[in-house]
Amino acid sequence: MTSSTLEPVKFQQAHFVTSAPSIRHLSADEGLEVAFAGRSNAGKSSALNTLTRQNSLARTSKTPGRTQQINIFGLDQQRRLVDLPGYGFAKVPIAMKEAWQKSLSEYLQQRKCLRGLVVLMDIRHPFRDADQELIHWAVASNIPVLAVLTKADKLKSGARKETMMKAQEAVPAFGGDVEVIAFSSLKKTGLPDLERVLQNWFAAPLVGDANSDD
């Protein structure tokens, strides 16, 4: 299969493939993957469920930190969504938190089929230090980033517009390919924009494709 034969992704076809404690337990590093990362209370699982039109594809919980491993969701034979361990908030033993951080770091640094990184942040607390570090790393590695400001329904219209304006003003400082959108799993705000960006990423040449520039 070459990049010219790839059809648009049908996100509702997403299905669970595997959970892995590290990249050494993942399938072959080929095809295309888009990863979702964010603080443990950023609404990552809810965003994935909204994107795929499924209520329980990714586990949601009132207790942050339920995503403890790298979770892989297949879209078709070549393309996958990746739910990375949450960071920053979860009240868990330090050793466990360090293990999550290691698996997150290894995936981002070593997984060659990664084609884009979605960084999810609560719109009421965007661009915290850990979020900025993650975005800077991705930019330095030439990985495009979509900053998704979740829980947009928690702010009134005026406050939401002001927050988005400040966020967009902050984006150029990262350099590279970084876009920011407001998103609400409850009201589906920003869902078309999320789909648009992911479709573009998933249309990139496949890893190992003879027609790619690699």
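The values are calculated or read from the model by the stated rules, or taken from the named source; none is laboratory data. Predicted model only: the values in this text are computed from it and were never measured. We place every Cβ from the backbone using ideal geometry, glycine too, and count neighbours over all the protein chains shown.
What to note about this one:
- Within segment 1-49, the residues that satisfy the criterion of being under 17 Å from Asn71 (Cβ atoms), in a helix (DSSP H, G or I) and over 13 Å from the mean Cα position of the chain (by Cα) are Phe11, Gln13, Ile23, Arg24, His25.
- Note on segment 105-146: residues that are on the phi > 0 side of the Ramachandran plot and polar (S, T, N, Q) amount to 1.
- Residues of segment 108-123 classified as in contact with an Asp or Glu (Cβ under 9 Å, 6 or more places away or on another chain), under 18 Å from Ser22 (Cα atoms) and buried (at least 16 other Cβ atoms within 10 Å of the Cβ), total: 3
- Scanning segment 124-169 for residues that are part of a loop (DSSP other than H, G, I, E, B) and either crowded, with 18+ Cβ neighbours inside 10 Å or in contact with a His (Cβ under 6 Å, 6 or more places away or on another chain) (or both) yields Pro126, Phe127, Ile143, Pro144, Lys151, Leu155.
- Failed criterion for Ile143 (all others in (1) at pLDDT 90 or above; (2) under 18 Å from Leu32 (Cα atoms); (3) out of contact with any Gly (no Cβ under 8 Å at 6 or more places or on another chain) hold): (3)
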